[in-house]
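Reading through the structure tokens given below for one structure.
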Amino acid sequence: MTIRNLNLILALLLIFPSAATAGTINRAQHRDHFTELEVEQIKETQILDKRIGVFVKAIERRLRVLTGATTDTAKQQKKDAELYGALPTGSRADLIGDIGKILDEAITNIDDVSARDEKNPLIPTALRLLANEAKRVIEQLQPFQSQTSSDAEVASIEQVTENAESILAAANKLPPPVAKDKKKKQ
């Protein structure tokens, strides 16, 4: 970068000081739909069906916060906290929006693998795993549809429903799972 370019940039910053802080403000207002430890788990998990399992776990954690219900033992909750961090926080609209974004990201992950290798045997497994979670999400969010108090919640529920329905439609196109033959010991 030349001195002339630097002078031009400095002059522009003096004329438009808000341009220097705009990116900082947007980043501060941006909500990440994963916790830091969830992101680490996703990065470490490269096998498709296991990675989708991490997405499912992230969704379950948000549903736990929303509904207050859990079937996990105290020991399992402690292990989850070590692996995934503290339970996510935020408004109901935030948490439901997170679920929609997580479903969207899971769809993208499956699509990416499918684009590279459409005969990958993990695709049907991952899609079925995600479809089971999508069914559960729809069931658990139904009570919230009648209780929505804001446009943000309505939009978040619509996004989740749209993503879940596209997952279920794709899963319905899958052939039935192949039963694994148990190898006989000889």
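Here, each number is a calculation from the coordinates, and none is a lab measurement. Everything numeric in this text was worked out from a predicted model, so none of it was measured. Neighbour counts are summed over all protein chains in view; Cβ atoms, including those assigned to glycine, are modelled from backbone coordinates with ideal geometry.
What the table shows:
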{"read-out": "Net dipole in debye of the stretch 33-172 [+1 Lys, Arg Cβ; -1 Asp, Glu Cβ; about Cα centre; nearest 20]", "value": "560"}
{"read-out": "Residue-count net charge about Ala126 - beta-carbon cut-off 10 Å; Lys, Arg +1, Asp, Glu -1", "value": "+2"}
{"read-out": "Over 20 Å (Cα to Cα) - which of Lys43/Lys101; Lys57/Lys135; Lys57/Lys79; Lys78/Lys135; Lys43/Lys180; Lys50/Lys173 fall in this group", "value": "Lys78/Lys135; Lys43/Lys180; Lys50/Lys173"}
{"read-out": "Karplus-derived HN-Hα couplings along the stretch 61-66 (A = 6.51, B = -1.76, C = 1.60, θ = phi - 60°), whole Hz, x at Gly and Pro", "value": "5, 5, 5, 4, 5, 5"}
{"read-out": "Cα gyration tensor shape for the stretch 33-172, rounded if a/c is under 1.5, else prolate or oblate", "value": "oblate"}
